[in-house]
Amino acid sequence: MLITVIYIAKDIFLLYNGQKFERNEGRMATIIEGKTLAKKIRENLKIECEELKKQGIKPKLAVIMVGNNPASKVYVKNKSKACNEIGIEYEEHFLEETISQQELNDLIKKLNNEKEVNGILLQSPLPEHLDINQAFKAISYRKDVDGFTPSSVGKLVMGGDTFISCTPYGVMKMFEEYNIELTGKDVVIIGRSNIVGKPLAQCCLANNATVTICHSRTKDLKKHTQRADILIAAIGKAKFVTKDMVKEGAVVVDVGINRNEEGKLVGDVDFDEVEKVASYITPVPGGVGPMTIAMLMNNVIKAAKEQNNENSTF
Ligand code: NAD
């Protein structure tokens, strides 16, 4: 009661002095703290993992990496670190750049049949001579913790229980955490990749949003972005989304990860400018990125539970 009175008194004081209006006009968006939310999710998963181990279930992720892509090495290292922290068992398969499609598919099939392995992750990109879609097709949908196989994607489109790919899943969790309602909202997504744009559009559609997907061939991009209640950028171009492209009060989600001239990580959104017009905004780093890994861990735990549940219809 006393606290409420103090807050009201403070508001009246700010209004009286014109400060509250100033603060709203200068509008600073609420920052969607992906890093904090991801930490909370990982802590809960750690508890869940301990519980599973007490029942004799040891969740395990197998990661396959082909070649020596430096960025992929960093991603793989981060995944192993997250597994370690949560208590998920982890194994890596580093394959030579020159491996054949048959050899890669054979390894995937072997892991499909290993009972102790609950999740299989194939790190992209693959060397050019390998067909990533063929490799994804070889992964059992029951172990497809990245949600990239045709079965998982099909189930997502049809509204079935499935593994949702980790970045779109992370974005949906952020909306949930911040009570950002999607029903009836105009969502505009820039980017139509199989790993971000397309599955994200399905997730938003499943939550009753009206979804527009824009891409490199979209005419008059700004016309679309300016009417978005929720604008999601997944392009891969630093500071591509500028303030003039964003509607006042829009929610802005930045999936992009780019390096600027100084080598610093930046998103696809011109954060400093756009936060002045947005109502909510995700930062880079510390936004969508940490959520992606947290949701991967979530999917591994889900895989372990489903594979050890006799009544699973998954
Ligand atoms: P991608 O290259 O597969 O797709 C980029 C998309 O942007 C394409 O659909 C293309 O049509 C569109 N595009 C390019 N130029 C455009 C333009 N001028 N106007 C409109 N659309 C344009 O990339 P991706 O794999 O979807 O990744 C996108 C970005 O998200 C990258 O920066 C990537 O690093 C990042 N990413 C981040 C996470 C994360 O966890 N935060 C996960 C995956 C990807």
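Below are the figures for this structure:
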read-out	value
Number of the exception - Gly249 against (1) over 25 Å from Thr210 (Cα atoms); (2) in a loop (DSSP other than H, G, I, E, B); (3) more than 21 Å from the chain's Cα centre (by Cα)	(1)
Within segment 84-100, considering residues that are farther than 14 Å from Lys46 by Cβ and among the hydrophobic types (A, V, I, L, M, F, W, C), the one least open to solvent (accessible area, probe 1.4 Å)	Ile99
Exclusive hit being farther than 19 Å from Cys49 by Cα, basic (Lys, Arg) and at pLDDT 95 or above, set Lys155, Lys115	Lys155
Among the residues listed as Ala278, Ala303, the single one being surrounded by 19 or more Cβ atoms within 10 Å (Cβ to Cβ), more than 16 Å from the chain's Cα centre (by Cα) and not in a helix (DSSP H, G or I)	Ala278
Residues (among the hydroxyl-bearing types (Ser, Thr, Tyr) and either modelled with pLDDT under 95 or within 15 Å of Asn194 (Cβ to Cβ) (or both)) located in segment 163-180	Ser165, Thr167, Tyr169
First in segment 237-255 and among the polar types (S, T, N, Q), second anywhere and within 15 Å of the ligand (Cβ to nearest atom), Cβ under 6 Å, 6 or more apart	Thr242/Asp270
Residues (aliphatic (A, V, I, L, M) and either modelled with pLDDT under 95 or more than 11 Å from the ligand (Cβ to nearest atom) (or both)) located in segment 276-291	Val277, Ala278, Ile281
Residue selected from segment 241-270 under the condition in contact with a helix residue (DSSP H, G or I) (Cβ under 6 Å, 6 or more places away or on another chain) and buried (at least 24 other Cβ atoms within 10 Å of the Cβ), by the criterion farthest from Asp186 (Cα to Cα)	Val255
Subset of segment 61-71 that is free of Cβ contacts under 8 Å to residues at least 60 places away in the same chain and out of contact with any strand residue (DSSP E or B) (no Cβ under 6 Å at 6 or more places or on another chain) - its residue that is surrounded by the fewest Cβ atoms within 10 Å (Cβ to Cβ)	Pro70
So Ala29, is it touching a strand residue (DSSP E or B) at 6+ places or on another chain (Cβ under 9 Å) and at pLDDT 85 or above	yes
Those residues of segment 167-181 which are open to solvent by 10 Å² or more (accessible area, probe 1.4 Å) and away from the ligand (no atom under 11 Å from the Cβ), in sequence order	Met172, Lys173, Glu176, Glu177, Tyr178, Asn179, Ile180, Glu181
Residue match in segment 237-245 (condition: in a loop (DSSP other than H, G, I, E, B), away from the ligand (no atom under 13 Å from the Cβ) and of a type in the set (Ser, Thr, Tyr))	no
Unmet criterion (only one of (1) part of a helix (DSSP H, G or I); (2) of a type in the set (D, E, K, R); (3) without any contact (Cβ under 8 Å) to a residue 12 or more places away in the chain; (4) more than 13 Å from the ligand (Cβ to nearest atom)) for Glu273	(3)
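The values are calculated or read from the model by the stated rules, or taken from the named source; none is laboratory data. These numbers were taken from a predicted model, which means no experiment stands behind them. In this analysis, Cβ positions are derived from the backbone assuming ideal geometry, glycine residues included, and neighbour counts consider all displayed protein chains. All accessible areas refer to the heavy atoms of the entire protein, side chains included, with ligands and DNA or RNA removed. Shrake-Rupley method; radii C 1.70, N 1.55, O 1.52, S 1.80 Å.
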